[in-house]
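The values are calculated or read from the model by the stated rules, or taken from the named source; none is laboratory data. Predicted model, so just to flag it, every value in this text is computed and none were measured. Here the Cβ is made from the backbone with ideal geometry for all residues, glycine too, and neighbour counts use every protein chain on show.
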Amino acid sequence: MLNDNKELWVSVLAAAIIAGIYAFVIYFTGKVPAAGEFFGHAIGILGFLLMLMTEILYSLRKRSRSARWGKMSEWLRFHIFTGLVGPFMVFLHTSWKFNGLAGMVTWLTVIVVFSGIIGRYIYTLIPRTSDGIELETSLGGAQAAAIAHARRLLALWHTIHIPIGMALFVAAFVHIGGALYYFTFLK
Ligand code: HEM
Ligand code: HEM
């Protein structure tokens, strides 16, 4: 599973289309879209919704253990797609200013996305069924030791990707609450 890079190419294509729309908006308005104005706001909200889907859907499917909801490998692909495209949209929302808490939310997002790319690589080193269940290997020697090492590495990796993801959402909700209160409602 995940041995081709289909979800990465689809994400790059989606990001290129979104970047094209962003360039079009700059061309017509003559300026970089501000985070609190219509386009910047909309792209921030849509990107954040994709990030929320990234956080929630794969975990729900992983715990349901029911094949009725579709293959785990396809949910992980979707996790990666929304986990790349959502942060990309949020990045365009920032108007390239990274002050205070909002700047910190951006950095946490960058860390979670880059750790995800590394995790995807480690994940594919472990033999699995298409439903994500790890296969016991009958191989001996160096190859079995390499797989055991990858398993330990993935467990360690989970302790980075998941808690930083949670910290990111706590900080993002504070940013959203503050931004809406001071910028939108008090205006
Ligand atoms: C993880 C998601 C998000 C990140 C990383 C993020 C990041 C940022 C950054 C870096 C800025 C610019 C701050 C500055 O001027 O230095 C900003 C501004 C802003 N954001 Fe977000 N944002 C996110 C989601 C959202 C969402 C979902 C909303 C709306 C519901 C929102 C509303 C705003 C508003 C209104 C501003 C303008 C504030 C101002 O100019 O004072 N953001 N955001
Ligand atoms: C907004 C960005 C992201 C968030 C919030 C996020 C969050 C999470 C969470 C909560 C899990 C744990 C699922 C579970 O075990 O219940 C997870 C797992 C994982 N994520 Fe992400 N992720 C993001 C982006 C990415 C990206 C961009 C990639 C790859 C390019 C990625 C690859 C993975 C992999 C390989 C796993 C492990 C799957 C497993 O062990 O079953 N993530 N992510």
| note | Out of (1) away from ligand 1 (no atom under 13 Å from the Cβ); (2) under 18 Å from PHE173 (Cβ atoms), the one VAL105 does not meet is (1)
| Failed condition for GLN143, given (1) at pLDDT 85 or above; (2) within 15 Å of ligand 2 (Cβ to nearest atom); (3) not hydrophobic (A, V, I, L, M, F, W, C) | (2)
| task | For residues that are in contact (Cβ under 8 Å) with a residue 12 or more places away in the chain and charged (D, E, K, R), scanning just region 59-91, find the one that is nearest to ligand 2 (Cβ to nearest atom). | result | LYS62
| request: Quickly run through region 73-117 and pick out the residues that are among the charged types (D, E, K, R) and part of a helix (DSSP H, G or I). | output: GLU74, ARG77
| Flag for SER95 being of a type in the set (S, T, N, Q), surrounded by fewer than 17 Cβ atoms within 10 Å (Cβ to Cβ) and under 23 Å from LEU46 (Cβ atoms) | yes
| Filter result for VAL85 (surrounded by fewer than 19 Cβ atoms within 10 Å (Cβ to Cβ) and β-branched (Val, Ile, Thr)) | no
| Only one of (1) within 9 Å of ligand 2 (Cβ to nearest atom); (2) surrounded by 14 or more Cβ atoms within 10 Å (Cβ to Cβ); (3) at pLDDT 85 or above is not met by GLY132, so which one is it? | (3)
